[in-house]
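Asks: Shown below is the structure under consideration.
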Amino acid sequence: MEDEAALSGGSPRRRPKTDVREVGGRKLKASTLMMGHGFDPALSEGALKPPIFLTSTFVFENAAAGKRHFEGVTGKRPGGSEGLVYSRFNGPNQEILEDRLALWEDAEEALSFSSGMSAIATLFLTFVQPGDVIVHSGPLYAATETLIARILGKFGVTWLDFPAGATREEIEAVLDQAKAKGRVSLIYLESPANPTNALVDVQAVAAARASLFPDEPPPIAIDNTFLGPLWAKPLDHGADLSIYSLTKYAGGHSDLVAGGVVGAKRFLDPMRAMRNTIGTITDPHTAWMLLRSLETLELRMTRAGENAAKVCAFFRDHPKVESVGYLGFLSEGRQADIYRRNCLGAGSTFSLYLKGGEREAFAFLDSLKIAKLAVSLGGTETLASAPAAMTHLSVPDARKLAMGITDNLVRISIGVEDADDLIADFDAALSAV
Ligand SMILES: Cc1ncc(COP(=O)(O)O)c(C=O)c1O
């Protein structure tokens, strides 16, 4: 075929190269594969980097190929689409992104979404029906709680929760109660929880599920935004789906909004069908930005993690600081045990409790010169905010107190700046309190 094309004067079609996943028997690391996996320059005029494919639709080779594509997309034929059809379903940039995202957790597949929340909403719409019960860990990111209680609640879905640090017995008791209420269609976790940093025992959740649902186990999905994909790999511990706000560490520069889900194909296939219908896929430009971000993911997260360890060590000994909620300081008890089993690093987002209340927290925030006063996390720059007055303002007071969201709490996400510069900034701001 290629010879024929060459003889006829047309340029021969080059076939995609098979991806290199190992060298000399050595399985390559995700950080190495981020530079090329899933993209063949031969398919894009030799471009080293993938172009941004700004197209809403894709041309079929012939009508029969078009029919075959649609048989795959609609599920008439198993195996999904064999090619690209329409940009609400997928595109080259999103496909490369998904191939690369899956590598970080050694997952079978990944899907990309327009935001963390659209990933979470697509998950719920895929697995949950009216009358079902969702069992979840608490607290969850506020918008996720709203989605479950207020939005799915309108469609007859109910929920039961257990506290993040719950034991296997406590989780079993809640699952048992949930079974009595209706079909338990999803177990949803967030670890560490925002903003308490409390860790969920994923192995205990998996064990509790196995004993209560031996025949038709509901999937376990976990929001891995805070520690993933470098510091926690929950698929290794019994979760079926790992969910991301890619807006945070994966995007890493506070310049995009996106979401992702990684896991086994049998869970992602129905989610892909739902995404095809409701159009919650990420756009090509954002997917391209994420490809660029993923090349430095390990570098950025490693540096941010090292910086956070130094900054937290400084805060811990400061006379104006009441306590520091940092995973790296867990040394004994159940949380430390979960940390040792489930986490590969302490992250770079933590809670700082100042001595005093709102006045002291605000004075500290207003005096910062390097750290920016903004919500969100996981970017190259250091951010600080006051959850009680900002992200969690609408949470009822009693619940805020139960979650440790007090007026003296400052949430900090450390970036990749020089650690000593950051410490100088925090030191000066504490002097101003
Ligand atoms: C833990 C967690 N999950 C989900 C989200 C939602 O992600 P997005 O803002 O990308 O929709 C956030 C956002 O802050 C988050 O912190």
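The values are calculated or read from the model by the stated rules, or taken from the named source; none is laboratory data. The model shown is predicted, which means the values in this text are computed figures rather than measured ones. A quick note on method: Cβ atoms are made from the backbone with ideal geometry, for glycine too, and the neighbour counts reach across all protein chains shown. These accessible areas exclude ligands, DNA and RNA; they are computed on the full protein's heavy atoms, side chains included. Shrake-Rupley method; radii C 1.70, N 1.55, O 1.52, S 1.80 Å.
Asks: Per the Kirkwood treatment, what hydrodynamic radius in Å, one decimal, follows for segment 371-421 from the mean inverse distance over all distinct Cα pairs?
Replies: On the way: mean 1/r = 0.0848 Å⁻¹.
So the Kirkwood estimate lands at 11.8 Å.
Asks: Moving on. For a paramagnetic label modelled at 7 Å from the Cα of Ala273 toward its Cβ, which residues of segment 101-140 fall within the zone defined by backbone nitrogen distances under 12 Å?
Replies: 126-127
Asks: Looking at the chain as a GNM with Cα springs under 10 Å, which of Ser394, Ser245, Ser115 has the largest mean-square fluctuation?
Replies: Ser394
Asks: Return one quarter of the surface area of the convex hull spanned by the alpha-carbon atoms of segment 324-369, equal to its mean projected area, in nm².
Replies: Numbers: hull surface 17.3 nm².
In nm², the orientation-averaged hull projection of segment 324-369 is 4.3.
Asks: How far apart, in nm, are the 7 Å Cα→Cβ label points at His253 and Lys76?
Replies: 4.3
Asks: Helix 63-74 versus the longest principal axis of the chain: what is the Cα-based angle in degrees, 0 to 90, to the nearest 10?
Replies: Helix 63-74 sits at roughly 30 degrees to that axis.
Asks: Estimate the FRET efficiency between Arg266 and Ala432 by the formula 1/(1 + (r/R0)^6), using the beta-carbon distance for r and 60 Å for R0, to the nearest 0.05.
Replies: Computed FRET efficiency for Arg266 and Ala432 comes out at 0.60.
Asks: Suppose each label sits 7 Å from its Cα in the direction of the beta carbon; what would the Arg183-Leu373 distance come out to in nanometres?
Replies: 5.0
Asks: How big is the antiparallel share of DSSP beta bridges in the chain, given as a percent to the nearest 5?
Replies: Just about 60 percent of them are antiparallel.
Asks: Further, regarding this structure: What net charge is computed for the residues neighbouring Ala149, neighbours being all others with C-beta under 13 Å from the C-beta of Ala149, Lys and Arg scored +1, Asp and Glu -1?
Replies: Details: positive: Arg150, Lys154, Arg399; negative: Glu145, Asp161.
So the environment of Ala149 carries a net charge of +1.
Asks: Follow-up question, since we're still on this one. Which residues does the label zone of Thr146 cover in segment 114-128, counting backbone N under 18 Å from a point 7 Å along Cα→Cβ?
Replies: Residues passing the 18 Å test: 114-125.
Asks: Of Arg88, Arg266, Arg183, which is the most mobile in a GNM of the chain whose springs link Cα atoms less than 10 angstrom apart?
Replies: Its mean-square fluctuation being the largest, the pick is Arg266.
Asks: Relative to the first principal axis of the alpha-carbon coordinates of the chain, what is the inclination of helix 168-181, with its axis defined by its Cα atoms, in degrees from 0 to 90 and to the nearest 10?
Replies: 70
Asks: Who wins for biggest fluctuation among Asp420, Asp19, Asp215 in a Gaussian network model of the chain, springs between alpha carbons below 10 Å?
Replies: Asp215
Asks: Which value in deg cm²/dmol, rounded to the nearest 500, describes the helix-derived mean residue ellipticity at 222 nm for the chain, given -39,500 (n - 2.57) per DSSP H run of n ≥ 4 and division by the residue count? Let's see the in-between values first.
Replies: Values: 15 runs with 161 residues, N = 433.
Computed mean residue ellipticity for the chain: -11000 deg cm²/dmol.
Asks: Local charge sum around Val73 (other residues, Cβ-Cβ under 13 Å, Lys/Arg +1, Asp/Glu -1)?
Replies: Result for the neighbourhood of Val73: +4.
Asks: Provide the solvent-accessible area of Val184, counting protein heavy atoms only and rolling a 1.4 Å probe, rounded to the nearest 10 Å².
Replies: 10
Asks: What do you get when you divide the Cα radius of gyration of segment 234-304 by 2.2 N^0.38 Å, with N the number of residues?
Replies: Working: Rg = 13.5 Å, N = 71, 2.2 N^0.38 = 11.1 Å.
It is 1.22.
Asks: Between Val59 and Ala210, what's the calculated FRET efficiency when r is the beta-carbon distance and R0 is 56 Å? Round to 0.05.
Replies: That gives a FRET efficiency of 0.70.
Asks: What is the gain in length, in nm to one decimal, between Ala42 and Tyr86 on full extension, counting 0.36 nm per residue of separation less the C-alpha to C-alpha distance? Mind showing how you got there, number by number?
Replies: Details: separation 44, 0.36 × 44 = 15.84 nm, distance 2.25 nm.
Full-extension gain reported as 13.6 nm.
Asks: Take the alpha carbon gyration tensor of segment 129-209, find the square roots of its eigenvalues, order them as a ≥ b ≥ c, and report rounded if a/c is under 1.5; if not, report prolate when a/b exceeds b/c, else oblate.
Replies: Judged from the Cα gyration tensor, segment 129-209 comes out oblate (a/c at least 1.5, b/c at or above a/b).
Asks: Can you give me the convex hull volume of the Cα atoms of the chain, divided per residue and expressed in Å³?
Replies: Considering the Cα atoms of the chain, their hull volume per residue is 167 Å³.
Asks: Quick check on segment 43-110: take the gyration tensor over C-alpha atoms, sort the square-rooted eigenvalues as a ≥ b ≥ c, and tell me if it's rounded (a/c under 1.5), prolate or oblate.
Replies: It comes out oblate by the Cα gyration axes.
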